[in-house]
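Heads up: the structure comes next, in structure tokens.
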Amino acid sequence: MALARNPMVAASLVVVAAVLVMALFAPWLAPKDPYLQNLPDRRAAPSAEYPLGADEFGRDILSRVIYGAGIALRVATVATGLGLVLGSALGLAAGFLGGFVDDLLMRATDVLLAFPYLLLAIAIVTALGPGEASTQIAIGFWALPAFARLVRGSALALREKEFVEAARAQGAGAARILARYILPNCLSPVIVLATLFVARAIM
């Protein structure tokens, strides 16, 4: 609650809430069909009919921004979630198990990092075909190495902690240690990285 009283945080929450409302209620908020072309009005200046003007096909830019907010948030959220889940799983396995598993998984993420993002995205979309799902998968694989490396680093540090050693001494298995002790302590930096990646995914 104290954080919400910060003026900058409050202003940011208002902006985020406004974008979410705009995305959820786009069919009711958009003044025009975002796909409707009106060639006589192409590149129209802002006016009462076109508050943000019209594009090269005479489509209302305001309506397209309102509808685009939902598409951008959906793609970015799903893509970031995909990268988070897969990357975290790889990072946990690499950091906790170490040795050959760590080397193998980290070299696999290095392969992804070796490709420029645009080429990787084009390759994935070419293989899967164009569409929203392909875009989400492409961005998700781009995000995967960052989450994997972050979680791996946290897991490497946490597996040597006293509470993990105590859990081992009590007979806890690897799955229980990962689920109860390692993963919860990795969540804070992962959540921060996820919020940053949503913005990067939209871009």
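Coordinate-derived values only; no laboratory data. This one's a predicted model, so the numbers in the text were calculated from it and none came from an experiment. Using ideal geometry, Cβ is built from the backbone for each residue, glycine included, and neighbour counts are taken over all protein chains shown.
Can you tell me what percent of all Cα-Cα pairs in the chain are more than 24 Å apart?
Numbers: 11883 of 20503 pairs.
Pairs farther apart than 24 Å: 58 percent.
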Original post:
Under a point spin-label approximation (7 Å from Cα along Cα-to-Cβ), what is the E56-A174 distance to one decimal in nm?
Top reply: 5.5 nm
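Is it possible to state the helix-based mean residue ellipticity at 222 nm for the chain, with each DSSP H run of 4+ residues giving -39500 (n - 2.57), the sum divided by total residues, to the nearest 500 deg cm²/dmol? What is it? If you can, show how the numbers build up before the last one.
Values: 9 runs with 146 residues, N = 203.
That comes out to -24000 deg cm²/dmol.
For a quick protection proxy, order the peptides 166-173, 149-156 by their average other-Cβ count within 10 Å, most packed first.
Details: 166-173: 11.4, 149-156: 21.2.
Packing order, densest peptide first, comes out as 149-156, 166-173.
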Subject >> Shape box of the range 1-92 [Cα atoms, principal axes, largest first, Å] >> reply: 57, 36, 20
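Counting other Cβ atoms within 10 Å, keep those with at most 14, restrict to DSSP loop, and tell me which GluC sites (Glu not before Pro) in the range 81-188 are left. Don't jump to the answer; show the numbers that get you there.
On the way: sites: E132, E160, E162, E165; in loops: E160.
Passing sites in the range 81-188 are E160.
Note down the magnitude of the dipole of the chain about its Cα centre, charges +1 on Lys and Arg C-beta and -1 on Asp and Glu C-beta and zero elsewhere, to the nearest 20 debye. Present the calculation step by step, with values, prior to reporting the outcome.
Working: 16 positive and 13 negative charges, 83 e Å.
Dipole of the chain, to the nearest 20 debye: 400 debye.
Short version: what are the Cα gyration tensor semi-axes of the range 13-59, square root of 5 times each eigenvalue, largest first, in whole Å? Walk me through the intermediate numbers first.
On the way: eigenvalues 122, 28, 13 Å².
Those come to 25, 12, 8 Å.
Excluding P46 itself, what net charge comes from residues whose Cβ is under 13 Å from its Cβ, given Lys and Arg +1 and Asp and Glu -1? Let's see the in-between values first.
Working: positive: R43; negative: D41, E49, D55, D60.
Taking every Cβ under 13 Å from that of P46, the sum is -3.
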Subject >> Length gained when the stretch R107-S134 is fully extended (0.36 nm per residue, less Cα-Cα span) >> reply: 7.3 nm
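Would you kindly work out the equivalent ellipsoid of the range 118-203 from its C-alpha gyration tensor and give its semi-axes, the square roots of five times the eigenvalues, largest first in whole Å? Mind dumping the intermediate values first?
On the way: eigenvalues 245, 37, 19 Å².
Semi-axis lengths for the range 118-203 are 35, 14, 10 Å.
Counting only complete DSSP H runs, which helices of the chain cover 30 Å or more along their long axis at the Cα atoms and score a mean Kyte-Doolittle of -1.0 or above? Numbers along the way, then the final one.
Numbers: long enough: 61-97 (52 Å, 1.62); 132-158 (38 Å, 0.93).
Helix filter hits for the chain: 61-97, 132-158.
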